[in-house]
Amino acid sequence: MKLDPVSLRLFVAVMEEGTIANAAAREHIAASAVSKRLSELEQQLATELFVRSNKGTEPTAAAFALLNLARGVLNDLDDIYAQMREYASGVRGHVRVYANISAITQFLPAELKSFMAQYPQVQIHLQERISSVIAKAVADNAADIGILNAGNYGEQLTLLPYHDDELVVIAPQGHPLTRKKSVRMAQVLDHDVVGAHPGSVMNHLLTKAAAELGRPLRLRIQVSSYDALCLMVASGLGIGVMPRLSAQLFMPSLKIQCITLSEPWAARKLVVAVRDLAALSPVARLLVQHISAARH
């Protein structure tokens, strides 16, 4: 039996995108061709991978088992291609990076720019995800490198130091809190808050801190990005909590100010996560070395 890598790649796309139509759009192929490939794959494996109905397709337990195996095979094939191309014409290849919004808005732009200037033939596929998803993606071989908040995510990962990350309170100019050099969480809870989206680390931190003080978190609105958070705060809809360096990007153009948040949990650490440093492809290892050297 010979398994076609194209069929495996299409299978992974369907599992990740949730529908055949979305997978077909992602891979730039007709949906009927994707469906045909899946049927052929099931015949080759003599295993039902999807339950089909008029509502679409639902993956079976066998499909989830195959997903991790397929990702490993495809990653190995990609590594073979990348490493052979490196021998042929210098350092080439691609690296799959998952990073949280704090890393993407504060540190990665400059670090990736300098890395790609040094290695112009390397392709970096960067996706923003929350930290728990990043840890699982690295463990499941869906990403080569993860950049996330330090913590215990229950995955077997190698964690390397990256950057320190300080959370601050942002408020519109003229807000009573802007007259203070620093505030505690109890003072934050006296005001309406523009929060992060449910499931985010920031939302968990604020909810947990409010619960420990026995007080409600007055969420006025929840947003999914720091630029949206700053715009809402500047409009007077509430105050917010976000990384200092990210806030400083918006201060020149928006009427907002930063106030130090005097809480132990406001001082955070970001880490780089890999499955096994020694098993990384040469280009992924170069990227880890580059961003680790830039940390402070």
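The values are calculated or read from the model by the stated rules, or taken from the named source; none is laboratory data. Remember, predicted model here, so these are calculated numbers, not experimental data. Please note: Cβ atoms are built from the backbone with ideal geometry, for glycine as well, and neighbour counts cover all protein chains shown. Heavy atoms of the whole protein, side chains included, go into the accessibility calculation; ligands, DNA and RNA do not. Shrake-Rupley method; radii C 1.70, N 1.55, O 1.52, S 1.80 Å.
Table for the structure above
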read-out: Of residues in segment 42-62 being within 13 Å of Thr19 (Cα to Cα) and touching a residue at least 40 places away in the same chain (Cβ under 8 Å), the one farthest from the chain's Cα centre (by Cα); value: Thr57
read-out: Hits in segment 248-287 (condition: in a strand (DSSP E or B), of a type in the set (Gly, Ala, Ser) and farther than 22 Å from Asn203 by Cα); value: Ala273
read-out: Matching residues, segment 48-75, being in a loop (DSSP other than H, G, I, E, B) and under 18 Å from Val6 (Cα atoms); value: Leu49
read-out: Complete set of residues in segment 237-247 that are part of a loop (DSSP other than H, G, I, E, B) and open to solvent by 50 Å² or more (accessible area, probe 1.4 Å); value: Leu237
read-out: Residue selected from segment 111-131 under the condition open to solvent by 70 Å² or more (accessible area, probe 1.4 Å), closer than 29 Å to Ser200 by Cα and out of contact with any strand residue (DSSP E or B) (no Cβ under 6 Å at 6 or more places or on another chain), by the criterion modelled with the lowest pLDDT; value: Glu128
read-out: Filtered residues of segment 198-217 (kept if touching a residue at least 12 places away in the same chain (Cβ under 8 Å), within 19 Å of the chain's Cα centre (by Cα) and surrounded by 14 or more Cβ atoms within 10 Å (Cβ to Cβ)); value: Ser200, Val201, Met202, Asn203, Leu205
read-out: Hits in segment 260-296 (condition: open to solvent by 40 Å² or more (accessible area, probe 1.4 Å) and under 15 Å from Leu148 (Cβ atoms)); value: Lys269, Arg275, Arg295
read-out: Among residues of segment 96-110, those that are among the aliphatic types (A, V, I, L, M), farther than 24 Å from Asp79 by Cβ and either part of a loop (DSSP other than H, G, I, E, B) or open to solvent by less than 30 Å² (accessible area, probe 1.4 Å) (or both), counted; value: 1
read-out: Any hit, segment 214-228, residues being under 27 Å from Tyr153 (Cα atoms), outside any loop (DSSP other than H, G, I, E, B) and among the small types (Gly, Ala, Ser); value: no
read-out: Those residues of segment 132-160 which are over 15 Å from Asp276 (Cα atoms) and either open to solvent by 50 Å² or more (accessible area, probe 1.4 Å) or among the charged types (D, E, K, R) (or both), in sequence order; value: Ser132, Val133, Ala150, Asn152, Tyr153, Gly154
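Yes or no, residue by residue, for (1) surrounded by 13 or more Cβ atoms within 10 Å (Cβ to Cβ); (2) among the hydrophobic types (A, V, I, L, M, F, W, C); (3) not in a loop (DSSP other than H, G, I, E, B):
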{"position": "Lys2", "(1), (2), (3)": "no, no, no"}
{"position": "Phe11", "(1), (2), (3)": "yes, yes, yes"}
{"position": "Ser32", "(1), (2), (3)": "no, no, yes"}
{"position": "Arg37", "(1), (2), (3)": "yes, no, yes"}
{"position": "Glu42", "(1), (2), (3)": "yes, no, yes"}
